[in-house]
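The values are calculated or read from the model by the stated rules, or taken from the named source; none is laboratory data. Small disclaimer: the values here were computed from a predicted structure and weren't measured. For neighbour counting, all protein chains shown are included, and Cβ atoms are generated from backbone atoms with ideal geometry for every residue, glycine included. What goes into the accessible areas is simple: the full protein's heavy atoms, side chains included, and nothing from ligands, DNA or RNA. Shrake-Rupley method; radii C 1.70, N 1.55, O 1.52, S 1.80 Å.
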Amino acid sequence: EPFGLPRAAANRSGPQILFPVSGSTLAMPHQGEALQSLSLDAAGGALPLTWLVNGRRVDSAPFRRQAQWLPDGPGQVRITVIDGTGRAATSAVWLQ
């Protein structure tokens, strides 16, 4: 048993960020001149999920696996999702 975890906990995997994929470069989402929100999608992990972008919490419905985040400009962004048991996944992407 890894790290002395109960077998059930060892078999369940933590959350994964499906979008945006770590290492990717994304165009800033626009509609006309206005910035659009970017969809954040996760799979796995125990609900509720908490989303952070560059260390700041994103307002989201805790019992959904998606969130919407409004970018504040281009550059590198670090997206983290934390599940209800404290397991986390991170995705680092560039917005341009």
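Counting only residues that are open to solvent by less than 40 Å² (accessible area, probe 1.4 Å) and over 18 Å from Leu70 (Cα atoms), region 13-40 holds 2 of them.
The number of residues in region 76-96 that are open to solvent by 20 Å² or more (accessible area, probe 1.4 Å) and either without any contact (Cβ under 8 Å) to a residue 24 or more places away in the chain or more than 22 Å from Ser13 (Cβ to Cβ) (or both) comes to 4.
Which condition number does Arg12 fail, the rest of (1) modelled with pLDDT under 95; (2) on the phi > 0 side of the Ramachandran plot being met? It fails just one condition, (2).
Close contacts from region 50-75, counting a first residue that is among the small types (Gly, Ala, Ser) and a second that is exposed (fewer than 11 other Cβ atoms within 10 Å of the Cβ), with Cβ to Cβ under 9 Å and a gap of 6+ residues or different chains, come to Ala67/Asp59; Gly75/Gln96. In region 47-73, of all residues being polar (S, T, N, Q) and within 14 Å of Gln16 (Cα to Cα), the one that is least open to solvent (accessible area, probe 1.4 Å) corresponds to Thr50.
Within region 32-83, how many residues turn out to be of a type in the set (Asp, Glu), over 9 Å from the mean Cα position of the chain (by Cα) and under 19 Å from Trp94 (Cα atoms)? Total satisfying the criteria: 1.
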